[in-house]
Amino acid sequence: MDMFYIGFRDPLFSVIIFFTIIFVITFFSYWWGRYKRKEDSNHLDKFLEQFRALPTKTELKVLISSGELSEKSWLLLATSYSKNGDYEKSIDIYNEILKLTSKTKANETMFLLGKTYFKAGFLERSKQIFLEILKHNPRTPQALHYLLLVYEYMRDYKAALDVLEPLDELQEDILLDEMYLKALALLNDSKLSEEEKSRKLLEIYKKSSRLAYMIFEYLFKVNPKIAWDNFDLCKSELLTEVLWKIDLKDLNLDIISNNEYLKDLYSARGDVKYSQASSVFELDVLIKIKGRVNATLSFEYVCSNCKGTYPFAFNRCSSCHAIDTAMVEYTLSKDYVKEYSEENNSFQ
């Protein structure tokens with residue numbers, strides 16, 4: 001017995017007991033942590049599983065009202081669905097939130113719902129949402145801007161112009177929107193002759209020198225002579241694609257011969273021999289090869305506001321909705337039109 005008590009009181013025994021206790025605590029803490037992480041992961045997977053397939057409206061109502069996620073979290077989830085193009089899920093979530101939230105907090109959700117309807121192409125529903133917001137809160141510029149876009153896409157230009165009045169009262173800059181909508185209305189007015197449209201479009205352009213691509217693209221298409229007579233040489237580079245596609249018979253050589261960029265452009269196309277070289281690399285290459293290689297220019301456009309890139313010209317950016325922000329970029333490419341034409345001629 002005495003030997004036992006001596007061993008028990010030995011300091012080494014106490015050290016062993018101390019480290020044993022630490023080991024046991026660490027061991028159980030590690031496995032308990034793993035267990036909890038697994039449980040949390042399973043819970044998250046179970047929750048997310050509900051969204052891999054679209055829940056019914058009843059299921060969605062139960063999920064939202066259960067309070068597992070805050071309203072802000074649901075809004076973030078709906079926004080995420082909208083950004084990924086899954087508009088149906090996003091719309092269902094917004095609609096269910098609106099049923100449960102108070103009227104004082106509904107404006108933000110209604111605005112997001114209206115935007116989602118707009119992106120999804122449900123213009124009439126989007127219009128009704130924005131009109132409802134403005135009915136209770138008329139001084140809401142974001143809703144007014146989107147309502148203007150809805151009317152524009154619906155080609156109701158008169159209604160879109162009417163929206164500019166309250167925006168003007170809210171100290172918003174509406175001058176460019178007004179010119180743009182008036183130009184669109186003119187271009188889509190079947191009652192006006194081409195001469196009347198051309199004259200009125202030039203009046204709009206001369207007020208501010210904006211909307212050059214929109215206006216001169218139309219003018220070069222319907223009346224190249226009027227287009228050349230009123231052409232703003234400062235816009236030559238922006239209108240490169242339009243100028244590149246003009247028929248040889250419609251060229252104004254007097255104007256071309258007095259402008260360096262136009263001389264380079266049409267020398268590169270092979271219509272004239274005014275330039276032997278160009279400071280623009282692509283034009284210089286085309287001038288130097290002189291038709292020995294089947295090459296041409298291909299074009300794309302960049303929005304100076306949001307930097308979005310598009311394979312075609314635009315007057316209003318489809319991403320940020322800015323007007324007259326297109327910048328042209330061009331590269332050398334194979335001329336498939338010429339190649340196709342030569343192939344057809346070889347079979348005749």
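At-a-glance table
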quantity	calculated
Breaking point among (1) open to solvent by less than 70 Å² (accessible area, probe 1.4 Å); (2) free of Cβ contacts under 8 Å to residues at least 40 places away in the same chain, for PRO138	(1)
Members of region 112-130 that are part of a helix (DSSP H, G or I) and either touching a His at 6+ places or on another chain (Cβ under 8 Å) or within 13 Å of MET154 (Cβ to Cβ) (or both)	TYR117, PHE118, LEU123, GLU124, ARG125, SER126, LYS127, GLN128, PHE130
For ASP173: the one exception among (1) more than 22 Å from the chain's Cα centre (by Cα); (2) under 17 Å from CYS320 (Cβ atoms); (3) of a type in the set (Asp, Glu)	(1)
Filter result for LEU181 (part of a helix (DSSP H, G or I), surrounded by fewer than 16 Cβ atoms within 10 Å (Cβ to Cβ), at pLDDT 95 or above and under 27 Å from the mean Cα position of the chain (by Cα))	no
Flag for ASP189 being under 18 Å from TYR146 (Cβ atoms) and either open to solvent by 30 Å² or more (accessible area, probe 1.4 Å) or part of a loop (DSSP other than H, G, I, E, B) (or both)	no
Qualifying residue in region 278-291 (condition: among the aliphatic types (A, V, I, L, M) and assigned to a strand (DSSP E or B))	no
Residue pairs meeting the criteria (Cβ under 6 Å; at least 6 apart or on separate chains; first of a type in the set (Lys, Arg) and at pLDDT 75 or above, in region 12-34; second part of a helix (DSSP H, G or I) and open to solvent by 90 Å² or more (accessible area, probe 1.4 Å))	none
Flag if MET154 is open to solvent by 70 Å² or more (accessible area, probe 1.4 Å), under 25 Å from the mean Cα position of the chain (by Cα) and closer than 30 Å to VAL242 by Cα	yes
Matching residues in region 240-259 - criterion: being within 35 Å of the chain's Cα centre (by Cα) and either in contact (Cβ under 8 Å) with a residue 60 or more places away in the chain or assigned to a helix (DSSP H, G or I) (or both)	THR240, GLU241, VAL242, LEU243, TRP244
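The values are calculated or read from the model by the stated rules, or taken from the named source; none is laboratory data. All values reported here derive from a predicted model rather than from experimental measurement. Here Cβ is always computed from backbone atoms with ideal geometry, including for glycine, and neighbour counts include all displayed protein chains. In case anyone asks, the SASA skips ligands and DNA or RNA and just uses the protein heavy atoms, side chains included. Shrake-Rupley method; radii C 1.70, N 1.55, O 1.52, S 1.80 Å.
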